[in-house]
Amino acid sequence: MDFRFTPEEEAFRKEVREFIEKECPQDLRGGGVNIFQQAGNLFAWRAKVAKKKWVAPAWPKEYGGAGLSIMEQFIYNLETAHMRAPAPIFLGGLGVAVIGPTIIHYGSEEQKKEFIPKILSGEHMWCQGFSEPGSGSDLASVQTRAVRDGDDYVINGQKIWTSVAHISQYMLLLARTDPDAPKHKGLSYFIIPMKTPGVTVQPLFNMADTHEFNEVFFEDVRIPAANRLGEENRGWYLAATTLDIERSNIGSAVGQQHNVEDLVRFAKENRDNGVVRIGSDPSLRHELAERYIEATAALTLSYRVVTMQAKGLIPNYEASAVKLYSMELVQRIANTGLSLMGMYGMLARGSKWAPLKGRLEYGYIRAVGSTIEGGTSEIQRNIVATRGLGLPKTY
């Protein structure tokens, strides 16, 4: 890895920083901001970013991207995170983060021209239909069926923990098309309009009492065969690419550094019986230092993934290592923060007494799901062990 930017990349980094500084509303920047309560500012900011073609800078120009390099896209994401502006996922959701790149890799020319520009413009929100009640960690065991019927497929089944399905226009669905094939070889990918007759969405609320997840039911849902993405029965390999893209996000590593920095600042500015906390408690200093070192390690792992992408490689176990390490670190930082703030750390957003605008209470509760969603820590360890270290499977 080379951590240095070329002169051209450094000039682009400066351009991005100046653009964010000038154009991004202050209400959207900074830790603890609930950007969903700033919808007007968020849409206005998104329009400015879209005008620069920076919603997904590395996407091809013919589909509405800027045609920049992977490293330039990384620089944009990095500066956005450093300046605490809304992350790209808030500007285009999963469509920008993972589904658009999957369609660019595997979609037909017609699919690219139809869907990519509308993902970039914000006209279409997307969700991904992966997990099922009996298929979470073992994703290849999904049982939602897609049966070919002439020029159509008929889909029946259920998905669960489907993020933002309630506000999405489309779903990228993983379904079984050959029940007699080995489980990894009988799956296919489909593009599902969410308003198709037979699709029903039911809300699921998480421990933090926010509505991110949903159950989605499919009852005789009929879609054209042209909505299949890639070859029939090759969906598992496409899904693996989608997950590898999902696990290579640089923004979370920078965000973890910010969280530790905020905790250090809080410890310096607040007193316990008249004595500054960070000066009176050596164990606290050591714990905060350890968290910051870990956040720096997470950033380095993300650099490794981006370096591979810049070389035209698709990260596999390397992306799993990022996901595993970063998501467990999210929980350790939340635990450190709650220990530091004591009872005040339990105050929710909206309370005038809540430190750091109350984001710690939400983050502590929400972090429980970090090591489950997108593939459990156990699954990530198996991937790193078998594909990365060459260890034999024990299951």
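The values are calculated or read from the model by the stated rules, or taken from the named source; none is laboratory data. These numbers were taken from a predicted model, which means no experiment stands behind them. All Cβ positions, glycine included, derive from the backbone under ideal geometry; neighbour counts span all protein chains shown.
Going by what's in this entry, would Tyr395 be described as surrounded by 14 or more Cβ atoms within 10 Å (Cβ to Cβ), on the phi < 0 side of the Ramachandran plot and modelled with pLDDT under 90? For Tyr395, the condition - surrounded by 14 or more Cβ atoms within 10 Å (Cβ to Cβ), on the phi < 0 side of the Ramachandran plot and modelled with pLDDT under 90 - is not met. Based on this model, can you work out whether Gly100 counts as modelled with pLDDT of 85 or more, among the small types (Gly, Ala, Ser) and under 19 Å from the mean Cα position of the chain (by Cα)? Spelling it out, Gly100 is indeed modelled with pLDDT of 85 or more, among the small types (Gly, Ala, Ser) and under 19 Å from the mean Cα position of the chain (by Cα).
Among the residues of segment 208-224, is there at least one that is touching a residue at least 24 places away in the same chain (Cβ under 8 Å), outside the structural domain of Thr162 (by TED's automatic domain parsing), under 20 Å from Leu139 (Cα atoms) and among the aliphatic types (A, V, I, L, M)? Looking through segment 208-224, none of the residues is touching a residue at least 24 places away in the same chain (Cβ under 8 Å), outside the structural domain of Thr162 (by TED's automatic domain parsing), under 20 Å from Leu139 (Cα atoms) and among the aliphatic types (A, V, I, L, M).
The single condition among (1) of a type in the set (Gly, Ala, Ser); (2) farther than 23 Å from Ala50 by Cα; (3) not in a loop (DSSP other than H, G, I, E, B) that Gly100 does not satisfy is (2). Among the β-branched types (Val, Ile, Thr) and closer than 30 Å to Asp209 by Cβ - does that describe any residue in segment 264-285? Checking segment 264-285: at least one residue is among the β-branched types (Val, Ile, Thr) and closer than 30 Å to Asp209 by Cβ. Of the residues in segment 115-129, at least one is basic (Lys, Arg) and closer than 30 Å to Val16 by Cα.
Scan (1) closer than 30 Å to Gly65 by Cβ; (2) modelled with pLDDT of 95 or more; (3) among the β-branched types (Val, Ile, Thr) for the single condition Thr177 breaks and write down its number. Here Thr177 meets the rest and fails (1). Out of all the residues in segment 1-20, which are surrounded by 12 or more Cβ atoms within 10 Å (Cβ to Cβ) and farther than 13 Å from Tyr76 by Cα? Result: no residue meets the conditions. For first residues located in segment 129-151 and closer than 18 Å to Gly198 by Cα and assigned by TED's automatic domain parsing to the domain that holds Lys185, partners that are acidic (Asp, Glu) and in a strand (DSSP E or B) and lie 6+ apart or on another chain with Cβ distances below 7 Å form the pairs Gln143/Glu132; Thr144/Glu132. Applying a threshold of 7 Å to beta carbon distances and a minimum spacing of six or more residues, or different chains, the list of pairs starting in segment 324-339 at a residue that is not assigned by TED's automatic domain parsing to the domain that holds Ser302 and ending at one that is assigned to a helix (DSSP H, G or I) and at pLDDT 90 or above is empty.
Kindly evaluate Glu378 against the criterion of being closer than 28 Å to Gln128 by Cβ and touching a residue at least 60 places away in the same chain (Cβ under 8 Å).
Values: closer than 28 Å to Gln128 by Cβ: yes; touching a residue at least 60 places away in the same chain (Cβ under 8 Å): yes.
Against the criterion (closer than 28 Å to Gln128 by Cβ and touching a residue at least 60 places away in the same chain (Cβ under 8 Å)), Glu378 qualifies.
If you go through segment 315-350 and keep only what is out of contact with any helix residue (DSSP H, G or I) (no Cβ under 6 Å at 6 or more places or on another chain), under 21 Å from Thr376 (Cα atoms) and aliphatic (A, V, I, L, M), you end up with just Met327.
Scanning segment 353-383 for residues that are surrounded by fewer than 19 Cβ atoms within 10 Å (Cβ to Cβ), modelled with pLDDT under 85 and either basic (Lys, Arg) or touching a Cys at 6+ places or on another chain (Cβ under 6 Å) (or both) gives a single hit, Lys357.
The set of residues in segment 52-100 being in contact with a Ser or Thr (Cβ under 8 Å, 6 or more places away or on another chain) and either over 23 Å from Gln256 (Cα atoms) or surrounded by fewer than 20 Cβ atoms within 10 Å (Cβ to Cβ) (or both) consists of Ala58, Gly64, Ala87, Ile99.
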